[in-house]
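Down below is the structure, laid out as structure tokens.
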Amino acid sequence: MAAPSSYRPKPGQIPDSPGVYKFRDEHRRVIYVGKAKSLRQRLASYFQDLSGLHPRTRTMVTTAASVEWTVVSTEVEALQLEYSWIKEFDPRFNVKYRDDKSYPYLAVTMNEQFPRVQVMRGQKKKGVRYFGPYGHAWAIRDTVDLLLRVFPVRTCSAGVFKNAARTGRPCLLGYIGKCSAPCVGRVSPEEHRELAEEFCDFMAGRTGTYIRRLESRMTDAAEEMEYERAARLRDDIEALKKAMEKSAVVLADATDADLIALAEDELEAAVQIFHVRGGRVRGQRGWVTDKVEAVTTGDLVEHALQQLYGEETGDSVPKEVLVPALPELVEPVQEWLAERRGSNVSLRIPQRGDKKALMETVQRNALQALGLHKTKRASDLTTRSRALEEIAEALDLDSAPLRIECYDISHLQGDDVVASMVVFEDGLARKSEYRRFQIKGFEGQDDVRSMHEVITRRFRRYIAEKEKTGEWADGETGLTEEDGRPKRFAYPPQLVVVDGGQPQVAAAKRALDELGIDDIAVCGLAKRLEEVWVPGEDDPVVLPRTSEGLYLLQRVRDEAHRFAITYQRAKRARRFRASPLDDVPGLGETRKQALIKHFGSVKKLRSATIDQICEVPGIGRKTAEAITVALAQAAPAAPAVNTATGEIMEDATDTTDATDATDVTDVTDAESETTAGSAGEPVSAGSSDERRGQER
């Protein structure tokens, strides 16, 4: 740990103006981001006597090795830049609210020709109207089921929609009147979009006008003695009222507001948000955070507002935001919210009436959420701590391995050989640190050589990053202001786990020795008997079957296996979708699609003459000759086999469409290491390779 005096700026060097500052550690990682009305006064407070600092602040300044700042013109700019840097650098000492689950939204895809109503989670997409979030997905489906009677908007997937359009027959919802069936032309795109707009208006809280309109139409139908139409309208009104009953009126003046309440203790804080639209609670969500910095309730409210509205614009930011305490600088926050909404936003503490009573309800929800979280977390922390201690004791480590990296090799009979690297920190998966590799030093099946190559490449990059940061060499650092995010291979683990036994462990250890790295422990976990192997030992370390340490090692190993086999399958699928047309120079996706559409398959195209190929619009004689040569040189692909029936499917690539034909790009950056994208669904260790025999 560094003494703050070792990196304290010189007197007069810090400007007395608004700005945002960053503390970095010895590895140049950003560990804390803050903003200040006066940078000079705020930063000076960090360099006082350590005994006068809050314990968490003291830990932060002693962990840091440098401080930087950026001057801005206004406090609103400081708020925006602070939010951007927290999102970019993910500093360990900043308050970061964690969703206790991925909340579902009711989404209407207004960016499509035929908007679709569906349940959505995760990142919001442009052009999609969102309502919620809801506590449970079934609550959304119940509401939608009631509303589809009145607003028969499309709810089917793209595949179902295209199939219905191709066959000319709508799905079941189209037959029972819960879909207007735009797939078969029962309504025009404009009429269907109008239905979707009405659905959105109703969900946004504009319910009274629409119900009064239906009641008027029902009365008119009854007076004209059209009793069947009047009965249908009566049933529509009842369905809408039933849907409205699911969200009771909580504010009589049809207010649009968000209510934010906090429950906190010395270590953690929980926040609960109620989204009220048209006087009714339309959504609810909750977050929990560790208080890793010294913060007041107002500071927590400010962080919650950043988290809640940092990516929102327009009506997603309500006219009124009710909070339990105001931030220290309330005017810049209020101005920032107004910029995001496009009009004034009231940020205040409710003092009396319905709003204060509702805030008390939100507060009770926050207290309950914090109590539940602490109960679950206490058990989880105890289990993970015990697991790490058991691993350290079994492997004779000096301390618990807070960062564990695990490697696995996957291939199919020696083809498409890839490797995975997964990272667990404090016993939890850190998916942003996952990496994947292509084995390119040799061809064929050799797990030992593959493991040696992967470990060598990973830790060669680690050494290079250490040299760049100046930790092993003098001179300028390799992390600039624009390139300040965590490097992909910059941080070493305390323990390397490989999927395998003695040979794989020996290969990993040999790779580290060749690089001169001797402060990282290595072990392997063999699948058959779940034995832990360490370098240089003839006998494995046998952990009890009920050991938490063994459970953790198994989870790490299984995650590495899942990630490797997911990548290997994706790579193999791209190779299978390759087409001889990809080798024709100047032949783009549009003309490939035209060729396949004209001839029906690659097989028929291969048998066509040059003159026949020239008949396709956009294909000249020179291009037709190139296509003929490419198809003649390409050997027909081996026949595919249906693994369930054993049936040989002749010329499986003949049905390759133009989209598939162009999807053959492989992962080929400088070192073939790529950041993990979507981790996919878990695959239990051994299940897939047992089904596929030679695949691992």
Taking amide H positions as placed in the peptide plane 1.01 Å from N, state which residues far from Ser346 in sequence (5 or more) or on other chains have amide H under 5 Å from it. Glu320, Val321
How far, in nm, would the chain grow between Thr74 and Glu615 when pulled straight, counting 0.36 nm per residue and subtracting the alpha carbon separation? 188.3 nm
For the range 32-39, in order, what is each residue's ³J(HN,Hα) by Karplus, 6.51 cos²θ - 1.76 cosθ + 1.60 with θ = phi - 60°, in whole Hz (x at glycine and Pro)? 7, 10, x, 10, 7, 5, 10, 4
Suppose we look only past 24 Å in the calculated P(r) of the range 299-410. What percent of the Cα-Cα pairs does that tail hold? 53 percent
Return the subset of Lys125/Lys162; Lys125/Lys241; Lys87/Lys291; Lys87/Lys126; Lys466/Lys509 for which the Cα-Cα distance in this structure is over 24 Å, preserving the input order. Lys125/Lys241
Under the classification rounded if a/c is under 1.5, otherwise prolate if a/b is larger than b/c and oblate if not, where does the range 18-66 fall, given a ≥ b ≥ c as square roots of the Cα gyration tensor eigenvalues? oblate
What FRET efficiency comes out for the pair Tyr227/Ser346, r = Cβ-Cβ distance, R0 = 45 Å, nearest 0.05? 0.35
Where does the charge balance sit around Gln363 when Lys and Arg score +1, Asp and Glu -1, over other residues with C-beta under 12 Å from its C-beta? 0
Spin-label pair Asp90/Ser38, simplified geometry with 7 Å Cα→Cβ offset, distance in nm: 3.7 nm
Which of rounded, prolate or oblate describes the range 529-572 when judged by the alpha-carbon gyration tensor and an a/c cut-off of 1.5? oblate
If I take R0 = 30 Å and measure r between the Cβ atoms of Thr590 and Tyr130 in this structure, what FRET efficiency does the formula 1/(1 + (r/R0)^6) give, to the nearest 0.05? 0.30
If each residue of separation counts as 0.36 nm, what is the full-extension length gain between Glu425 and Val629 once their alpha-carbon separation is subtracted? 68.0 nm
Between the residues Gly427, Ile391, Cys406, the Cα farthest towards the positive end of the dipole of the range 381-429, that dipole coming from +1 and -1 charges on the beta-carbon of Lys, Arg, Asp and Glu, is from Gly427
Determine, from the Cβ-Cβ distance of Lys319 and Arg234 and an R0 of 60 Å, the FRET efficiency 1/(1 + (r/R0)^6), rounded to the nearest 0.05. 0.95
For the peptides 346-352, 405-411, what is the packing order when you average, over each peptide's residues, the other Cβ atoms within 10 Å and list the highest mean first? 405-411, 346-352
Which translational diffusion coefficient, to the nearest whole µm²/s, is obtained for the range 510-631 from the Stokes-Einstein equation, given a Kirkwood hydrodynamic radius over C-alpha pairs, 10 °C and 1.306 mPa s? 81 µm²/s
Extension reserve of the Asp265-Lys603 stretch, reckoned as 0.36 nm per residue once the Cα distance is removed: 114.7 nm
Ranked highest first by average number of other Cβ atoms within 10 Å, how do 437-445, 105-113 line up? 105-113, 437-445
Carbon plus sulfur fraction of accessible area for the range 1-138, probe 1.4 Å, in percent: 49 percent
Relative packing of 451-458, 163-170, which averages over residues the other C-beta atoms within 10 Å, highest first: 451-458, 163-170
Can you give the net charge of the other residues whose Cβ lies under 11 Å from the Cβ of Ser385, counting K and R as +1 and D and E as -1? -3
Suppose all protein chains stay in the model; what accessible area per residue would a 1.4 Å probe give for the range 1-148, in Å²? 49 Å²
May I ask you to give the percent of accessible area on the range 312-468 that is carbon plus sulfur, with a probe radius of 1.4 Å? 46 percent
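The values are calculated or read from the model by the stated rules, or taken from the named source; none is laboratory data. Because the structure is a prediction, the values reported are computed rather than measured. Here the Cβ is made from the backbone with ideal geometry for all residues, glycine too, and neighbour counts use every protein chain on show. Please note that ligands, DNA and RNA were not included when accessible areas were found on the heavy atoms of the full protein model with its side chains. Shrake-Rupley method; radii C 1.70, N 1.55, O 1.52, S 1.80 Å.
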